[in-house]
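Everything on this sheet refers to the single structure shown next.
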Amino acid sequence: MSSNSNTAPRVLVVGATGISGQALCRRTLDARWTTYGLSRSGKTPVDGVIPVAADLLDRQSLSDALSEISPDRVFFTAWMKKDSEQENIDVNSATLRNVLDVLGPGGSVEHVSLMTGLKHYLGPFDAYGKAVMAETPFHEFEPRLDTPNFYYAQEDELFAGAAKYDFGWSVHRAHTISGFAVGNAMNMILTLSVYASICAELGTPFVFPGSATQWNGLTDLTDADLLAEQMVWASSDAAGRNEAFNIANGDVFRWRWMWPRFAELFGVEPEGYRDEPRPLEPRMSDAAQVWKGIADTHDLVESDVVKLASWWHTDGDLGRDMECLTDMNKAKKAGFLGFRSTPDSIASVVQRYREARIIP
């Protein structure tokens, strides 16, 4: 990269309050990089981040907020969920395009890293798993599915921006992310932690909500800190320039093995798959009232369960009737050798939520 070696990189993390964004902020601050964190609210959960408040859909808002910032690296982790995939495409293309068009003319940007996910291979929410899929483990060279997908639209915006403004790029396709954050729309570890805490409070079994395939088949997860490590590496190493990479912990597991271990962290009785999926969303109708009682009893910082648990997303992940895991050879061949132990990663995240008094 062409940054002056005597000057710390100036980086902009777009989506700084999310699981991935917070991990990136911590990673770049640890490297002593000047780190700006952009969010709609301007909140900066990570100490040391310079806050930037802007609406990604309002180009003037972005222009005003970023006028004094000249980052050489941009990490884009933000997304907005809409009711249809076409709306997802329209909105999430616009957010990335607006950031690139505001920053690009200044000429400071050398690399943009975009976080996407395995819906690149599985299809979007409203056509999930219905298109022809590649064999697992998924490889980066697989062709795109013949169905609209906002990940594809974002990639195309990234490629167009790179050609127009002459910066390098990287795409990072994560599986379900295990990390520390609150208020995120896709947070399976916190959702399961809330669910297990409710089971402990009520004295009910910790019932696996998903499909037989997810119970018995192999899968993997992505530690948020590992994702941040790869994104920072790709922004700094020539081998990561203009490439797409899968990112997962590097180990695999079966939920029938992991579920009892997760239950043990909360002292609840695990119950596995039986006959059919038992999704969380319809079973959690009383969760708000129960959680408020738990929060009051244990003096937790958040009593609104809606801000902690995303039942729909966990049901989607664990309800898939397909095997889902990724190949990491491309990243390894390029020189990225990072890995995480998934059981250790999960236990560490649960402990962090406890220390922050988010769960009992």
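Here are the numbers for the structure shown:
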quantity	calculated
Selection status of residue 48, without any contact (Cβ under 8 Å) to a residue 24 or more places away in the chain and either closer than 21 Å to residue 111 by Cβ or part of a loop (DSSP other than H, G, I, E, B) (or both)	yes
Wholly enclosed helices (runs of 4 or more DSSP H) of the range 78-194 bearing at least 2 residues open to solvent by 30 Å² or more (accessible area, probe 1.4 Å), out of contact with any helix residue (DSSP H, G or I) (no Cβ under 7 Å at 6 or more places or on another chain) and free of Cβ contacts under 8 Å to residues at least 40 places away in the same chain	85-103, 150-165
Residue that is surrounded by the fewest Cβ atoms within 10 Å (Cβ to Cβ) [pool: residues in the range 349-360 that are out of contact with any Leu (no Cβ under 9 Å at 6 or more places or on another chain) and without any contact (Cβ under 8 Å) to a residue 60 or more places away in the chain]	355
Some residue of the range 311-322 being part of a helix (DSSP H, G or I), open to solvent by 40 Å² or more (accessible area, probe 1.4 Å) and at pLDDT 95 or above	no
Odd one out for residue 30 among (1) loosely packed, with under 14 Cβ neighbours inside 10 Å; (2) in contact with a Ser or Thr (Cβ under 9 Å, 6 or more places away or on another chain); (3) not aliphatic (A, V, I, L, M)	(2)
Boolean, residue 303 is over 20 Å from residue 218 (Cα atoms), at pLDDT 95 or above, of a type in the set (Gly, Ala, Ser) and touching a helix residue (DSSP H, G or I) at 6+ places or on another chain (Cβ under 6 Å)	yes
Filter result (assigned to a helix (DSSP H, G or I) and open to solvent by less than 20 Å² (accessible area, probe 1.4 Å)) within the range 51-68	62, 66
Some residue of the range 241-249 being under 21 Å from residue 119 (Cβ atoms), outside any helix (DSSP H, G or I) and out of contact with any strand residue (DSSP E or B) (no Cβ under 8 Å at 6 or more places or on another chain)	no
Total residues in the range 288-310, condition in a loop (DSSP other than H, G, I, E, B) and hydrophobic (A, V, I, L, M, F, W, C)	4
Test for residue 71: is it in a loop (DSSP other than H, G, I, E, B) and within 17 Å of the chain's Cα centre (by Cα)	no
Conditions (1) under 23 Å from residue 125 (Cβ atoms); (2) open to solvent by less than 30 Å² (accessible area, probe 1.4 Å); (3) not in a helix (DSSP H, G or I); number of the one not met by residue 285	(2)
Matching residues in the range 240-272 - criterion: being open to solvent by 10 Å² or more (accessible area, probe 1.4 Å) and over 20 Å from residue 191 (Cα atoms)	241, 242, 243, 244, 250, 251, 252
Residue check, residue 275 surrounded by fewer than 18 Cβ atoms within 10 Å (Cβ to Cβ) and at positive phi	yes
Every residue from the range 327-348 that is hydrophobic (A, V, I, L, M, F, W, C) and open to solvent by 70 Å² or more (accessible area, probe 1.4 Å)	337, 339
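Here is a yes/no grid of residues against (1) open to solvent by 20 Å² or more (accessible area, probe 1.4 Å); (2) touching a strand residue (DSSP E or B) at 6+ places or on another chain (Cβ under 7 Å); (3) modelled with pLDDT of 95 or more:
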position: 25; (1), (2), (3): no, yes, yes
position: 34; (1), (2), (3): yes, yes, yes
position: 45; (1), (2), (3): yes, no, no
position: 75; (1), (2), (3): no, yes, yes
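The values are calculated or read from the model by the stated rules, or taken from the named source; none is laboratory data. Worth saying up front: this structure is predicted, and the values here are computed from it rather than measured. Cβ: placed from backbone, ideal geometry, glycine included. Neighbour counts: every protein chain shown. To get the accessible areas, we keep the full protein, side chains included, count just its heavy atoms, and leave off ligands, DNA and RNA. Shrake-Rupley method; radii C 1.70, N 1.55, O 1.52, S 1.80 Å.
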